[in-house]
C-alpha cells in the first residue's frame, strides 16, 4: 500500500504565503496575513488532500558551508520584512498546536534536509514523496517517485514537467544552475551564457565536467560532438566558458545539496498525519485569538468577517480599473477606506495600498508597493487628491492616521492640505 509523504520547505512556503495576500491585521494591529494563509492551507487544503505523513523543515539560523565558499551567497536577497518576521512566532506556535513537528538541523538549509530525507525515503518503493517548495535546486531530486508540488497552482512536477521547465532532465538541473546561475540565491553562473546554450550542451554531454572536457581539449576540431554543440562552443561563448570555469564549478558546489548530516533519530512514524486530530482545542483557541473566524466550524463560532468575503475583493493595479473605481465612488454616498503602510509611525510610513469598501459586493484593494502588478504612484496621487477634495463622506477606523498618510503621500499644496484638514475637522465634530 502506497504512502503519501509531504516534505514542506518551511521558509519557502512561509514567504509564498506572506506575498499571496495583502497585509491585514487583527483589531489590535497584529499583522496576520501569512499566518492566516498558512492556517487556511493546513485546515482546508491539507485536510482535503490527507497525506499520510507531513514533515515541516526549516532553515537553520546562521551560516552554512555555502557562505564559507562564497561570501555573496544569498547576499542579494532582501531582508525579511518586519511584518513577516513578526509572524514567524505565531506560525510556529500554530503548527505546534496542530501537533506537527518541525525539523531544524544546525548548519544546514531546509533544502539539504529535504534532499537527505527524500533520498532515504525513496528507497522504499511504496513511498510517494511530494516536496512542497518553489526552490529550483530541489527539482534535481525529481523522478517517478519524488515530485515537486506547487500548492498555489495545484501543479505537480514529475520528470516531464521538470524537462518542460528547464529544458534538461532532473539529473542536469544542478549543472544547469551552475551554468545559468540563480538570482534568487545569488549563484553567479557563467556570464553571457543563457538557458538555450546550457540546454544544448547538457542534453548532449549530461554534466558540467563533460562540457569542460571538451572546452579544455587541445583538439578543438569537435569531430566527436554534434553540429549544434559546435555552434555553441565557438567564438565568444567558448571564451566565456574558459573565463568562467572557476565560477562555474563554484556555482555547481553552491547548487549542490549537502547530505552530510545526522538524521539517525528520524522516524517517519513520528510524522504521521491525522486529519481528524489537527483541529485541537488549543488550535481553535489560537484561531479565535487571531480572529480567524472563517476557519472555525459553525458550531464553534458564527461571525461575518472580512476573511469570509475575501473572494469578493477586487485588486486594482492599472489606470483603467482605477478610473472605473473612481466613477463608482462618485455614485456612492459613503466610502469606507483603510491605508496599508510599512509602519505605524506616520513620518516613517510608506503607503503600500488602499482598501476601499462601497458595499458588500464592491470591495477593492489598490496596490502600490506589493510585488504583483501595481498602480503607478502619479496616477494614484491624482485619485487620492480627487477623493479628498470631493463631497463624499469618508469612514475609516483610524481616521487621523489615514488622512495624515494620504496627505504625506500626495505632498499636497496648501489647498490640498485644507481639504484634508477639513475632512479631519468634520470627523472630530462628528459630521
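The values are calculated or read from the model by the stated rules, or taken from the named source; none is laboratory data. Remember, it's a predicted structure, so these values are computed and weren't measured experimentally. Cβ placement follows ideal geometry from the backbone for every residue including glycine, while neighbour counts extend to all protein chains displayed.
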- Query: In the range 108-181, which strands (runs of 3 or more DSSP E) lie fully inside it and hold 3 or more residues that are within 22 Å of the chain's Cα centre (by Cα) and at pLDDT 95 or above?
  - Reply: 127-132, 146-150
- Flag if residue 224 is surrounded by 13 or more Cβ atoms within 10 Å (Cβ to Cβ), in contact with a helix residue (DSSP H, G or I) (Cβ under 9 Å, 6 or more places away or on another chain), outside the structural domain of residue 79 (by TED's automatic domain parsing) and farther than 26 Å from residue 73 by Cα: no
- Query: Of (1) more than 30 Å from residue 341 (Cα to Cα); (2) modelled with pLDDT under 95, residue 33 satisfies all except one. Which?
  - Reply: (1)
- Item | Single unsatisfied condition, residue 296 versus (1) in contact (Cβ under 8 Å) with a residue 24 or more places away in the chain; (2) touching a helix residue (DSSP H, G or I) at 6+ places or on another chain (Cβ under 7 Å) | (1)
- Answer residue from the range 289-308, given it is loosely packed, with under 14 Cβ neighbours inside 10 Å and not in a loop (DSSP other than H, G, I, E, B) and is modelled with the lowest pLDDT among those: 308
- Would the range 98-107 turn up any residue that is buried (at least 20 other Cβ atoms within 10 Å of the Cβ), part of a helix (DSSP H, G or I) and touching a residue at least 40 places away in the same chain (Cβ under 8 Å)? no
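For the range 67-86, check the following and say yes or no: at least one residue is assigned to a helix (DSSP H, G or I) and buried (at least 21 other Cβ atoms within 10 Å of the Cβ).
From the range 67-86, those assigned to a helix (DSSP H, G or I) are 67-69, 82-86; that's our starting set.
Checking the rest, the ones that are also buried (at least 21 other Cβ atoms within 10 Å of the Cβ) come to none.
No - not one qualifying residue is present in the range 67-86.
What helices (runs of 4 or more DSSP H) lie completely within the range 361-431 and have 3 or more residues being modelled with pLDDT under 70 and farther than 24 Å from residue 345 by Cβ?
Working: elements: 377-389, 399-410, 414-429.
Fully inside the range 361-431 and qualifying: 414-429.
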- Message: Looking only at residues that are at pLDDT 90 or above and in a strand (DSSP E or B) in the range 1-30, which one is nearest to residue 58 (Cα to Cα)?
- Response: 9
- Message: Criterion first (within 27 Å of the chain's Cα centre (by Cα), at pLDDT below 95 and not in a helix (DSSP H, G or I)) does residue 185 satisfy it?
- Response: yes
